[in-house]
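Down below is the structure, laid out as structure tokens.
Please treat every number below as a calculation from the coordinates, not as lab data. Treat the numbers as computed from the prediction; the structure is a model and nothing was measured. Cβ placement follows ideal geometry from the backbone for every residue including glycine, while neighbour counts extend to all protein chains displayed.
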Amino acid sequence: MVSILSESLRVQNDLTLSIHQLAEQGNTEALELKLRGGEDVNQTDEEQMSALHHAARLAQLPAARLLLRHHAHVDQPGPDARTPLHYAAR
């Protein structure tokens, strides 16, 4: 019972993070919940980077795959016109 409550609290805390932070962490469970809840997969943060930029930059492959399944744009320009594909190719 305690582990179920602890897991529930962890997921609730994770849901306070942005999809960009979740993508950086590779937290696909919370990321999926936020995307199913209506978060815009292509929204950008203050650095003009999408969640896919962050996942690709940090090689968070499961998170990147999840974002792509939700139709994240691979050619969305970010800082210095770099796209998620630029980060993935490094």
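A few remarks follow.
- Subset of segment 62-72 (residues that are in contact (Cβ under 8 Å) with a residue 24 or more places away in the chain and either surrounded by fewer than 15 Cβ atoms within 10 Å (Cβ to Cβ) or touching a Lys or Arg at 6+ places or on another chain (Cβ under 8 Å) (or both)): Pro62, His71
- Scope segment 36-90; condition of a type outside the set (Asp, Glu), in contact with a His (Cβ under 6 Å, 6 or more places away or on another chain) and part of a loop (DSSP other than H, G, I, E, B); matching residues: Val41, Asn42, Gly78
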